[in-house]
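S.K.: What follows is a structure written as structure tokens; I'll ask about it next.
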Amino acid sequence: MSRFPEDFIWGAATAAYQIEGAAREDGRGESIWDRFSHTEGNVYNNDNGDVACDHYHRWEQDIQLMADLGLGAYRFSISWSRVIPDGDGEINHSGLDFYDRLVDGLLERGIEPHATLYHWDLPQRLEDGGGWPVRATADAFARYAQVVADRLSDRLASMATLNEPWVAANHGYEIGTHAPGRANLGEALAASHHLLLAHGQAVRAIRDAAPGLATGIVLNFEPKHPASDDELDHSLADVEHARYNMWYLGPVAGRGYPQSGVEASGWDMAEVLDGDLDTISQPIDFLGVNYYSRGVVRHPHATAVPTTTVGPRRTGFNWEVYPEGLGEILRFVHSTEVTDTIYITENGAAFPDAGDDLDDQPRIDFLRDHLQVIHEAIEDGVPVKGYLVWSLLDNFEWAAGYSQRFGIVKVDFDTLERLPRRSARWYSEVARTGLLT
Ligand code: IFM
């Protein structure tokens with residue numbers, strides 16, 4: 001049996017485009033995900049987030065569900081195009097009102113509100129003006145951050161600038177499987193730098209507007225393990241580690257871009273202007289760690305027989321279930337001295353929907369094994385202060401549409417009924433007692 005610290009925060013996470021719906025209500029502008037998902041062939045089954053979980057109308061039910069489960073924290077994201085429909089023009093006060101009501105409703109139920117400003121839903125008008133590869137998008141983001149901080153910071157527990165900028169730049173601009181669907185390495189590298197710059201500028205804006213508000217960033221990590229002893233596998237794993245795990249953490253931690261990653265990408269760093277790295281590396285109050293799996297790296301010309309292979313436990317996405325990797329990542333992140341407060345801002349698994357059967361034992365096993373690893377890391381001195389399961393609800397899983405279900409609460413997408421799975425009851429018990437058995 002493992003006992004978590006008394007003040008450990010237990011909660012659940014979601015993101016605006018994945019759950020809110022109400023895509024054209026109360027003055028919300030178009031985002032790149034509206035455009036992308038409405039373009040034939042981009043998303044599985046041509047699904048989109050027009051309705052999603054209809055959380056925009058059912059938010060009270062959803063936060064009551066969390067209260068009933070005894071959760072103490074909720075991580076949600078704010079839709080930029082609900083707040084500033086064209087990205088950098090007029091403020092839409094009804095959009096802000098929605099988040100205002102949500103935050104008050106959470107506090108009334110004893111749930112800490114943890115907001116994320118950007119979870120991939122760039123206003124389409126900014127994309128039309130060049131999107132993240134253009135520097136002005138970072139300026140627009142800093143203003144948006146200030147607008148939200150002015151309205152909500154007196155009641156938020158924390159504010160994260162970006163969620164998983166690696167995914168936003170890589171999937172959105174390098175391989176094009178996410179919105180806005182561009183596939184150009186040069187644009188992706190520029191996007192990555194401007195995302196980081198946006199983070200740094202927003203931290204400044206938030207600190208000006210709300211000096212006491214805990215401010216940070218959420219990054220995704222996965223260990224990159226060479227498949228064999230072959231030198232080619234080792235050097236490729238090192239490069240992938242640099243390009244995946246260090247690309248954003250390095251600049252935020254004041255260590256700059258990883259040289260091996262810069263060389264492997266052939267980036268001339270033309271977008272990095274004097275002072276940018278200082279802007280990006282301001283101290284943060286917390287780092288959000290998102291963890292799902294690891295990568296086993298095989299170079300196409302390696303000849304040595306693989307000794308490390310992907311294990312048999314897999315999720316619905318066919319991702320390897322590899323809890324040990326979270327321990328490895330936590331120790332690595334801690335070693336960079338980027339912050340003394342780490343939250344696990346996402347961790348969870350998609351498993352196929354079993355119809356009326358709400359007994360999701362594989363998800364319970366997944367969560368238990370990862371929480372065990374987190375407990376060990378805490379005992380070793382890694383300052384993990386909270387855990388936010390991904391996700392509260394089944395939701396719109398980006399290019400996979402509604403085909404992948406991450407919720408501890410099932411959503412019936414015909415009726416929009418919420419049905420807590422057994423994992424929700426199990427997690428509730430862990431959250432209430434702080435005990436993992
Ligand atoms: O659903 C996503 C989330 O939006 C970002 N992190 C990974 C999750 C699962 O793919």
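The values are calculated or read from the model by the stated rules, or taken from the named source; none is laboratory data. Computed from a predicted model, the values in this text were never measured in an experiment. So basically every Cβ, Gly included, is an ideal-geometry build from the backbone, and we count neighbours across all protein chains shown.
S.K.: Do the conditions hold for residue 378, that is, is it modelled with pLDDT of 95 or more and more than 16 Å from the ligand (Cβ to nearest atom)? Can you show your working first?
M.R.: Values: modelled with pLDDT of 95 or more: yes; more than 16 Å from the ligand (Cβ to nearest atom): yes.
Considered against the rule, which asks whether it is modelled with pLDDT of 95 or more and more than 16 Å from the ligand (Cβ to nearest atom), residue 378 comes out as yes.
S.K.: I want to confirm something. Restricting to the range 161-173 and keeping residues that are outside any strand (DSSP E or B) and over 17 Å from residue 245 (Cα atoms), which single residue is nearest to the ligand (Cβ to nearest atom)?
M.R.: Applying the first criterion (outside any strand (DSSP E or B)) to the range 161-173 yields 164-173.
Those left that are additionally over 17 Å from residue 245 (Cα atoms): 172-173.
Details: 172: 13, 173: 17 Å.
Among those that are outside any strand (DSSP E or B) and over 17 Å from residue 245 (Cα atoms), it is 172.
S.K.: On to the next question. Among (1) closer than 25 Å to residue 237 by Cα; (2) surrounded by 20 or more Cβ atoms within 10 Å (Cβ to Cβ); (3) of a type in the set (Gly, Ala, Ser); (4) touching a strand residue (DSSP E or B) at 6+ places or on another chain (Cβ under 8 Å), there is one condition residue 391 misses while meeting the rest; what is its number?
M.R.: Answer for residue 391: the failing condition is (1).
S.K.: Condition (residue is under 15 Å from the mean Cα position of the chain (by Cα), away from the ligand (no atom under 13 Å from the Cβ) and within 20 Å of residue 325 (Cβ to Cβ)) applied to the range 387-400: is it met by at least one residue?
M.R.: So far as the range 387-400 goes, yes, one or more of its residues are under 15 Å from the mean Cα position of the chain (by Cα), away from the ligand (no atom under 13 Å from the Cβ) and within 20 Å of residue 325 (Cβ to Cβ).
S.K.: If you don't mind, another one. Restricting attention to the range 2-29, which residues are within 13 Å of the ligand (Cβ to nearest atom) and among the polar types (S, T, N, Q)?
M.R.: 14, 18
S.K.: With respect to the numbered conditions (1) surrounded by fewer than 20 Cβ atoms within 10 Å (Cβ to Cβ); (2) touching a helix residue (DSSP H, G or I) at 6+ places or on another chain (Cβ under 7 Å); (3) among the acidic types (Asp, Glu), which one is the sole condition not fulfilled by residue 108?
M.R.: (2)
S.K.: Please work out if residue 49 is farther than 13 Å from residue 392 by Cα, within 22 Å of the chain's Cα centre (by Cα) and surrounded by fewer than 24 Cβ atoms within 10 Å (Cβ to Cβ). Spell out how you get there, then give the answer.
M.R.: On the way: farther than 13 Å from residue 392 by Cα: yes; within 22 Å of the chain's Cα centre (by Cα): yes; surrounded by fewer than 24 Cβ atoms within 10 Å (Cβ to Cβ): no.
Criteria not met by residue 49.
S.K.: Ok, one more. For residues that are closer than 10 Å to residue 353 by Cβ and surrounded by 19 or more Cβ atoms within 10 Å (Cβ to Cβ), scanning just the range 402-412, find the one that is nearest to the ligand (Cβ to nearest atom).
M.R.: Step one: of the range 402-412, the residues closer than 10 Å to residue 353 by Cβ are 402-405, 407, 410-412.
Remaining after also requiring surrounded by 19 or more Cβ atoms within 10 Å (Cβ to Cβ): 402, 404-405, 407, 410-411.
Numbers: 402: 12, 404: 7, 405: 11, 407: 11, 410: 16, 411: 14 Å.
So, considering only residues that are closer than 10 Å to residue 353 by Cβ and surrounded by 19 or more Cβ atoms within 10 Å (Cβ to Cβ), the one nearest to the ligand (Cβ to nearest atom) is 404.
S.K.: Among the listed residues 217, 280, which satisfies the condition of being closer than 23 Å to residue 134 by Cβ, within 16 Å of the ligand (Cβ to nearest atom) and touching a His at 6+ places or on another chain (Cβ under 8 Å)?
M.R.: Values: 280 fails: within 16 Å of the ligand (Cβ to nearest atom).
Of the residues listed, the single one that is closer than 23 Å to residue 134 by Cβ, within 16 Å of the ligand (Cβ to nearest atom) and touching a His at 6+ places or on another chain (Cβ under 8 Å) is 217.
S.K.: Being charged (D, E, K, R), surrounded by fewer than 23 Cβ atoms within 10 Å (Cβ to Cβ) and touching a strand residue (DSSP E or B) at 6+ places or on another chain (Cβ under 6 Å) narrows it down to one residue among 240, 187; which is it? Step through it out loud before you land on a result.
M.R.: Values: 187 fails: touching a strand residue (DSSP E or B) at 6+ places or on another chain (Cβ under 6 Å).
Of 240, 187, the one residue that is charged (D, E, K, R), surrounded by fewer than 23 Cβ atoms within 10 Å (Cβ to Cβ) and touching a strand residue (DSSP E or B) at 6+ places or on another chain (Cβ under 6 Å) is 240.
S.K.: Please tell me if residue 332 is away from the ligand (no atom under 16 Å from the Cβ) and of a type in the set (Phe, Trp, Tyr).
M.R.: On the way: away from the ligand (no atom under 16 Å from the Cβ): yes; of a type in the set (Phe, Trp, Tyr): yes.
Spelling it out, residue 332 is indeed away from the ligand (no atom under 16 Å from the Cβ) and of a type in the set (Phe, Trp, Tyr).
S.K.: Another question, then. What pairs can you find where one residue is in the range 274-293 and farther than 13 Å from residue 252 by Cβ, the other is within 11 Å of the ligand (Cβ to nearest atom) and of a type in the set (Ser, Thr, Tyr), and their Cβ atoms are less than 7 Å apart, with a gap of 6+ or different chains?
M.R.: 290/345
S.K.: Still on this model: Go through (1) in contact with a Pro (Cβ under 9 Å, 6 or more places away or on another chain); (2) surrounded by fewer than 23 Cβ atoms within 10 Å (Cβ to Cβ) and name the single condition residue 81 misses.
M.R.: Unmet condition: (2).
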